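Inspection log for the structure reproduced underneath, given as structure tokens.
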Amino acid sequence: MEQKKIRPFGRALIGLTAVGALLLATAAPVAAHVHYAVHGHGGDGQVIANGQNHPRFLSNGDGTFSSCESYGPIGTSSIGPAWYGLETAHHGPDSGDPGKGDGCYTADSSPATDIANPAIGN
């Protein structure tokens, strides 16, 4: 039986597939999700704010990420009025223009890793 070698195009395709999978894995925590109180219901967790979601997060190019009402919802989820409060409780103070008046919340870094309150999960 003859052994076939993987050609350069095949290697590139495998590499791009791996990079794509890595990007999806890092984006998954920012995808549509509910926030919950980790210790609620005896440690089973309790959904807070009736499962309201926040607008999608986008990179600002300087290491910070913003979630703005103008960016629209994540997937088919809907943005609820509690979104700004959920984000400040989960990620800490707004690093952009403080307050909900500008329609945005800015996290210090990727919202997947910028967790200020581990008692709130997603």
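The values are calculated or read from the model by the stated rules, or taken from the named source; none is laboratory data. This one's a predicted model, so the numbers in the text were calculated from it and none came from an experiment. Here the Cβ is made from the backbone with ideal geometry for all residues, glycine too, and neighbour counts use every protein chain on show.
So the check is Cβ under 9 Å with 6+ separation or different chains; which pairs have a first residue in the range 81-110 that's within 17 Å of Asp62 (Cβ to Cβ) and a second one that's in a helix (DSSP H, G or I) and of a type in the set (Lys, Arg)?
Listed by first residue and then by second, the contacts come to Asp94/Lys100.
What residue, among those in the range 33-60 that are over 12 Å from Ala82 (Cβ atoms) and small (Gly, Ala, Ser), is modelled with the lowest pLDDT?
Filtering the range 33-60 for residues that are over 12 Å from Ala82 (Cβ atoms) and small (Gly, Ala, Ser), the one modelled with the lowest pLDDT comes out as Gly43.
Taking the range 97-109 on its own, how many of its residues are of a type in the set (Ser, Thr, Tyr) and touching a strand residue (DSSP E or B) at 6+ places or on another chain (Cβ under 6 Å)?
Result for the range 97-109: 2.
Report the residue count in the range 61-79 for those that are crowded, with 16+ Cβ neighbours inside 10 Å and either at pLDDT below 85 or basic (Lys, Arg) (or both).
Going through the range 61-79 one residue at a time, the tally reaches 3.
Scanning the range 89-109 for residues that are surrounded by 17 or more Cβ atoms within 10 Å (Cβ to Cβ) and of a type in the set (S, T, N, Q), which turns out farthest from the chain's Cα centre (by Cα)?
Once the filter is applied, the top-ranked residue is Ser95.
For the range 112-122: of the residues being surrounded by 15 or more Cβ atoms within 10 Å (Cβ to Cβ) and within 24 Å of Gly43 (Cβ to Cβ), which is modelled with the lowest pLDDT?
Across the range 112-122, the extreme among qualifying residues is Asn122.
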